[in-house]
Structures are given as C-alpha cells and as structure tokens.
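The values are calculated or read from the model by the stated rules, or taken from the named source; none is laboratory data. Just so it is clear, the structure is predicted and the values come from calculations on it, not from any experiment. All Cβ positions, even for glycine, are placed from backbone atoms using ideal geometry, and neighbour counts span all protein chains on display. To get the accessible areas, we keep the full protein, side chains included, count just its heavy atoms, and leave off ligands, DNA and RNA. Shrake-Rupley method; radii C 1.70, N 1.55, O 1.52, S 1.80 Å.
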There are 2 protein chains.
Amino acid sequence: MLGGIEAGGTKCVVAVADDDLSISAQATIPTTEPDETFASIINFFERAQSEHASDLTAIGVASFGPVGVDPAASNYGEIFETPKLAWRGVSYQDRLSQVGVPVIIDTDVNGAALAEQIYGAGKSAETLAYVTVGTGIGVGLVKAGKPLSGFSHYEMGHILPRRAESDTFEGLCPSHGDCLEGLAAGPAIEARWGQPLSDLNSDHPAHDIEADYLGQLVHSITLTHAPHSIVLGGGVMKTEGLIERIRAKAERHLGGYMKHAALDAGLQNYVTKPKLGDKSGIIGALALARACNADE
Amino acid sequence: MLGGIEAGGTKCVVAVADDDLSISAQATIPTTEPDETFASIINFFERAQSEHASDLTAIGVASFGPVGVDPAASNYGEIFETPKLAWRGVSYQDRLSQVGVPVIIDTDVNGAALAEQIYGAGKSAETLAYVTVGTGIGVGLVKAGKPLSGFSHYEMGHILPRRAESDTFEGLCPSHGDCLEGLAAGPAIEARWGQPLSDLNSDHPAHDIEADYLGQLVHSITLTHAPHSIVLGGGVMKTEGLIERIRAKAERHLGGYMKHAALDAGLQNYVTKPKLGDKSGIIGALALARACNADE
C-alpha cells in the first residue's frame with residue numbers, strides 16, 4: 001500500500017492507494033503548526049494501515065517549496081525559506097520517520113507533472129511541464145516518469161517577463177518585485193484590480209495582461225525545456241477564456257521558430273488544462289511513492 | 001579509435017582520438033557545399049584509419065543547428081532551417097554512412113557542455129550549462145554525462161530579455177527581432193556600434209548593455225535548469241571585463257532567492273570561462289562518440 005501527502009500552504013491532502021494508484025482512503029488536514037499537522041497525518045496513515053490490514057511500503061510527498069529534493073543532500077526533505085515561519089527547517093524525513101517506511105519528497109508541481117504524464121494530458125508526452133498559477137506560480141517538469149531538477153528544483157515562476165504595455169503595477173514578490181510571480185500570481189491580480197480575474201468582465205484589460213505574462217511563460221518553457229506538452233493548472237487558470245488567450249500570445253512569441261508535431265497550430269493540443277483537475281497533486285504524491293518502490 | 005566532427009557555419013574541425021579523448025590527428029575543413037565538405041571529412045577519416053592502422057568505432061558530431069537530436073525520430077541527424085541554404089535537409093547519417101560506423105549527433109553547445117563537464121570547469125558539476133555568444137547565442141545542458149533535450153534541443157538563445165534601459169536597437173533575429181540573440185549576439189553588437197565589443201572602450205555603454213542581456217540569460221538558466229555550473233564561451237566572451245559585469249548583473253537578478261553551495265557570493269565559481277578554451281567543441285564531439293560506444 002502506497003501513502004501520499006500533497007502538502008500545501010493551507011491544507012494537506014493525504015491518501016493511501018494500491019500499486020495502480022487507485023485511492024482507497026483520503027483525508028484533508030489543515031496546515032497549521034507542524035506538530036499538530038504531522039500528528040494528524042501520522043494518525044491517518046496508522047488508521048489506514050489497520051483498517052486495510054495492509055502495511056505502507058513508501059510515502060510520497062508533493063510539497064510546497066522551496067524544499068530539498070536531492071536525495072544525496074543532507075537537507076533532503078527539508079522546507080527552506082517559506083513565509084510560513086513555523087515550517088522553516090521542518091524535515092519530512094524526520095517528522096515521518098516513526099512510520100518506518102521510505103519517504104520520497106518532491107515539489108507539488110513535479111508531483112502534478114508526474115500524475116499528468118501518467119494519467120492525463122501528457123499520456124504520450126515523454127517530457128511534460130505542469131504549471132500552477134495560484135497564490136504563487138510554479139513549474140514542474142518530468143521526463144519519462146522522472147521529475148527533473150538541477151542543484152535544486154526549478155524556480156521558473158520567478159523569471160522576468162517583459163512588462164505588458166499598459167501595466168505599471170510594481171509587483172509583489174518579496175525577492176524580485178516584478179518577476180512573473182510578483183506580476184501574475186493570484187495575489188498580484190487582486191492587489192491590482194481588487195478582485196480575482198474570474199470576477200472581471202471578459203473585456204477588462206486584466207485578462208490580456210495576465211495572458212501576456214503567462215504566454216511569455218509558455219514561450220520560455222518551450223525554449224528552455226522543449227517539453228512535449230504543457231499543462232496549465234491552479235486557481236487562476238479556472239478563469240474562462242484565459243487559456244485561449246495564453247495560447248495566442250505564446251504562439252506569437254514562438255514565431256514558428258521551433259518545429260515539431262507536438263507544437264500544433266493554435267497550440268490547442270500543446271497547451272492544455274489538467275486532465276486530472278484538482279487530483280493531480282495527490283495522485284502525483286502517490287506516484288512518487290510508487291517510483292520510490294520501483295527504484296529499490 | 002573515435003572520430004569527432006565539430007561542424008560550424010564556416011569551418012568543420014575533424015579529429016580522431018583514443019578512448020581517453022587524447023587526439024592523435026586533427027584537421028580543419030572549410031564549410032562550403034555539402035558534397036565538397038563531406039568528401040574532405042570522409043577523406044580525413046579514411047587517411048587517419050590507414051595511418052593509425054586502427055578502425056573507427058563511432059563518429060560523434062557536434063553540429064550547428066537547428067539539427068535533429070532525437071535518435072528515435074526519422075530526422076535524426078538532419079539539419080533544419082539554417083540560413084546556409086545548401087545545408088538545409090542535409091543528413092549527417094546519410095552523408096557519413098559509407099564510413100560504416102555509428103554516428104551520434106548533438107548540438108555544438110551540448111557537445112561543448114559535455115567536454116567542459118568531463119575535463120573543464122564543471123568537473124564536480126553534475127549539471128552544467130555551456131553558453132556560446134558568437135554569431136549566434138546557444139545554450140547546451142548536460143546532466144551526469146548526458147546531453148539534455150526535450151522534443152528537440154533547447155533554444156535558449158531566443159528568450160525574450162527585458163530591454164536594457166538605454167537600448168532602442170530593433171534586433172536582428174529573422175524570427176523574433178529583439179530576442180536575446182537578436183539583441184546580444186556578435187552581429188547585433190556590430191550593427192549597433194559599427195565594431196566588435198572588444199574594440200570599444202571599457203566605459204562605452206555597449207559593455208553594460210551586453211552584460212545586462214547576458215546577465216538575464218544567466219539568471220534565466222539558473223531558474224529554469226538550476227545547473228551546478230555555467231560556462232560562458234564564444235567570441236564575444238573574449239571581451240575583457242565582460243564576464244565580471246555579467247556576474248554582477250546576474251547576481252542582482254537572482255536576489256539571493258535560490259540558495260546552494262554552487263551559487264557562491266559574486267558567482268566567480270558559478271559563472272566561468274571554458275577551461276578547454278576553443279577545444280571544447282571537438283572534444284565534445286569525440287566525447288559524444290565515446291558515449292555512443294558505452295551505450296552499446
């Protein structure tokens with residue numbers, strides 16, 4: 001039996017599943033203080049093991065970041081400089097050690113990318129990018145069933161887009177001001193216009209500005225990783241009409257320079273919404289646990 | 001005996017070497033018409049085999065691009081839309097088939113990245129990026145001895161940097177106008193100022209503009225690939241003082257957000273010149289041939 005934790009800033013989704021990633025029990029636990037949250041998580045896994053009369057073989061964690069994702073590093077599974085002060089320095093490895101099974105950690109977006117590659121939009125995509133646009137902007141990448149990383153997970157949410165013509169907003173990122181996340185994540189939209197994008201009329205300039213920035217992200221992902229598929233998820237992407245505007249902007253930037261069957265005219269097949277919807281995260285966490293078993 | 005071809009727009013460097021990549025014969029052949037150039041290349045390899053009384057086991061090609069780098073695709077080893085019209089559609093596999101050994105093809109920058117990882121700046125760098133700034137701008141990436149790619153090799157030279165404050169130059173890229181290559185490759189510098197960067201006084205604004213754009217590239221590579229080392233090569237990088245300016249700009253953009261031992265204060269160890277100098281290309285080609293043997 002596999003365990004999975006999708007750890008977010010406000011809630012953790014926990015689940016157990018069989019080797020086909022079919023979920024037999026799932027719960028949502030608020031992300032409060034680490035002691036309290038981990039007690040609830042461990043309690044969930046203990047009950048699930050006894051109710052299913054089955055032992056866990058591994059736990060996969062798809063976590064908010066920044067988080068240590070290098071299994072060879074001493075800080076593997078440690079949460080770094082999050083604004084959630086009580087969670088700084090918290091280690092999933094340490095906190096989950098009493099369960100007594102291997103714990104594999106990656107980012108929430110790498111987990112979601114893995115889930116989408118296995119089940120969703122990217123079934124035939126050897127390399128797939130998963131983007132979330134919500135309280136932050138994150139990008140995960142998988143190639144042939146393995147999350148990609150360098151000395152750390154990627155931080156593509158902080159690239160510097162060209163400023164949209166009519167946009168003078170100073171940006172909200174504490175580290176970079178007007179990087180992509182500072183200009184185009186949910187909080188930036190609300191700070192600029194006083195309401196979420198989905199509440200603004202379709203002819204409001206906010207839609208074009210948002211599509212401009214996210215179109216530049218799609219362009220940048222294509223040039224830097226040439227993935228076979230780009231999946232756009234997260235709360236902001238639920239705005240009606242947004243993905244169509246992003247495709248148009250991205251296609252204009254690409255200018256026909258890169259050619260491949262994956263890059264269809266109009267990008268309808270290349271840039272898609274998550275097929276697993278909000279399930280990408282927890283299924284990704286379970287898939288990380290399964291990949292861990294396969295490695296042993 | 002390994003064969004290597006570093007294929008550039010004006011000349012091809014060819015060499016043979018042993019399994020330690022120690023070169024025993026090398027020649028430079030002008031890149032003219034494909035028939036003529038390949039006849040000279042094949043002639044070089046035939047003479048080398050007879051002179052060394054040794055058979056080639058594989059040929060590695062580090063080529064100008066765009067070029068097909070996916071061994072599973074039907075266009076593997078084919079040159080795509082180059083401005084060198086006679087070379088469009090030319091296939092290294094076809095042209096070198098009479099030598100009768102496996103031919104492995106990658107980009108010139110992926111080859112150089114591989115060479116620098118094996119011998120040079122990136123000895124301890126599991127993931128390494130090699131940038132060339134010359135007649136174009138290209139970026140190669142290797143991880144643990146393997147070149148990285150998605151549906152094609154990457155095209156990071158065409159990212160869209162923010163415009164430097166005082167720069168109104170329209171850009172030279174036929175596909176994107178003022179993308180990075182259009183703004184910061186050698187021909188853009190000469191079109192803007194009438195002379196190469198290295199001929200302009202160190203207080204000329206051209207130096208700061210160039211460093212601004214290349215600093216954004218270093219920033220973008222770090223966010224999108226988190227490599228352990230970034231090597232900056234090519235003709236423009238021979239300009240005195242340029243790498244120091246680039247480090248300063250890149251460090252300011254990074255804003256301390258990503259933390260890792262590889263990212264030293266000042267980036268002196270992180271952003272370096274090629275340790276192999278102009279030899280990176282041909283040694284990379286030979287290393288591709290060696291990697292091909294190891295795969296079999």
TODO: Kindly indicate whether any position in region B:205-221 is surrounded by fewer than 19 Cβ atoms within 10 Å (Cβ to Cβ), assigned to a loop (DSSP other than H, G, I, E, B) and over 19 Å from the mean Cα position of the chain (by Cα).
DONE: no
- [ ] Just give me the residues in region B:108-140 being closer than 20 Å to B:GLU78 by Cα, in contact with a helix residue (DSSP H, G or I) (Cβ under 8 Å, 6 or more places away or on another chain), outside any loop (DSSP other than H, G, I, E, B) and open to solvent by less than 40 Å² (accessible area, probe 1.4 Å), in sequence order.
- [x] B:ASN110, B:GLY111, B:ALA112, B:GLY138, B:VAL139, B:GLY140
Open item on the list: I'd like to know if region B:54-74 contains one or more residues that are free of Cβ contacts under 8 Å to residues at least 40 places away in the same chain, crowded, with 17+ Cβ neighbours inside 10 Å, within 18 Å of the chain's Cα centre (by Cα) and not in a strand (DSSP E or B).
Closed with: no
Task: Of all residues in region A:90-107 being among the hydroxyl-bearing types (Ser, Thr, Tyr) and open to solvent by less than 50 Å² (accessible area, probe 1.4 Å), the one that is nearest to A:SER149 (Cα to Cα) - done: A:THR107
Open item on the list: Let me confirm something: among B:ALA250, B:ALA287, which residue is assigned to a helix (DSSP H, G or I), in contact with a His (Cβ under 8 Å, 6 or more places away or on another chain) and either assigned by TED's automatic domain parsing to the domain that holds B:ASP55 or open to solvent by less than 20 Å² (accessible area, probe 1.4 Å) (or both)?
Closed with: B:ALA250
Task: All positions within region B:141-167 that are more than 13 Å from every other protein chain (Cβ to nearest Cβ) and not in a loop (DSSP other than H, G, I, E, B) - done: none
Task: Index of the failed condition, B:LEU267 passing every other in (1) assigned to a loop (DSSP other than H, G, I, E, B); (2) under 20 Å from B:GLY120 (Cα atoms); (3) away from every other protein chain (no Cβ under 14 Å) - done: (3)
TODO: Quickly run through region B:74-105 and pick out the residues that are within 14 Å of chain A (Cβ to nearest Cβ) and among the aliphatic types (A, V, I, L, M).
DONE: B:ILE79
- [ ] Give the residues of region A:242-261 that are farther than 20 Å from A:GLY277 by Cβ and more than 12 Å from chain B (Cβ to nearest Cβ), sorted by residue number.
- [x] A:ARG245, A:ALA248, A:GLU251
Task: Subset tally (residues that are more than 16 Å from the chain's Cα centre (by Cα) and open to solvent by less than 20 Å² (accessible area, probe 1.4 Å)) for region A:186-199 - done: 3
Task: Whichever residue in region B:149-184 is without any contact (Cβ under 8 Å) to a residue 60 or more places away in the chain and aliphatic (A, V, I, L, M) and, among such residues, is surrounded by the most Cβ atoms within 10 Å (Cβ to Cβ) - done: B:ALA184
- [ ] Within region B:9-20, identify whether any single residue is modelled with pLDDT under 95, in a loop (DSSP other than H, G, I, E, B), open to solvent by less than 40 Å² (accessible area, probe 1.4 Å) and not β-branched (Val, Ile, Thr), and answer yes or no.
- [x] yes
TODO: Please tell me if B:GLY77 is open to solvent by less than 30 Å² (accessible area, probe 1.4 Å) and in contact (Cβ under 8 Å) with a residue 24 or more places away in the chain.
DONE: yes
- [ ] Spot the failing condition for B:GLY177; the list is (1) modelled with pLDDT of 95 or more; (2) closer than 22 Å to B:GLU81 by Cα; (3) more than 21 Å from the chain's Cα centre (by Cα), and only one is missed.
- [x] (1)
TODO: Among the residues of region B:31-50, write down those that are touching a strand residue (DSSP E or B) at 6+ places or on another chain (Cβ under 7 Å) and not polar (S, T, N, Q).
DONE: B:ILE41, B:PHE44, B:PHE45, B:ALA48
Open item on the list: Suppose we filter B:THR239, B:THR222 for residues that are within 11 Å of chain A (Cβ to nearest Cβ) and in contact (Cβ under 8 Å) with a residue 40 or more places away in the chain; which single one remains?
Closed with: B:THR222
TODO: Residue by residue through region A:239-274, note down the ones that are of a type outside the set (A, V, I, L, M), farther than 30 Å from B:ASN75 by Cα and out of contact with any strand residue (DSSP E or B) (no Cβ under 8 Å at 6 or more places or on another chain).
DONE: A:THR239, A:GLU240, A:GLY241, A:GLU244, A:ARG245
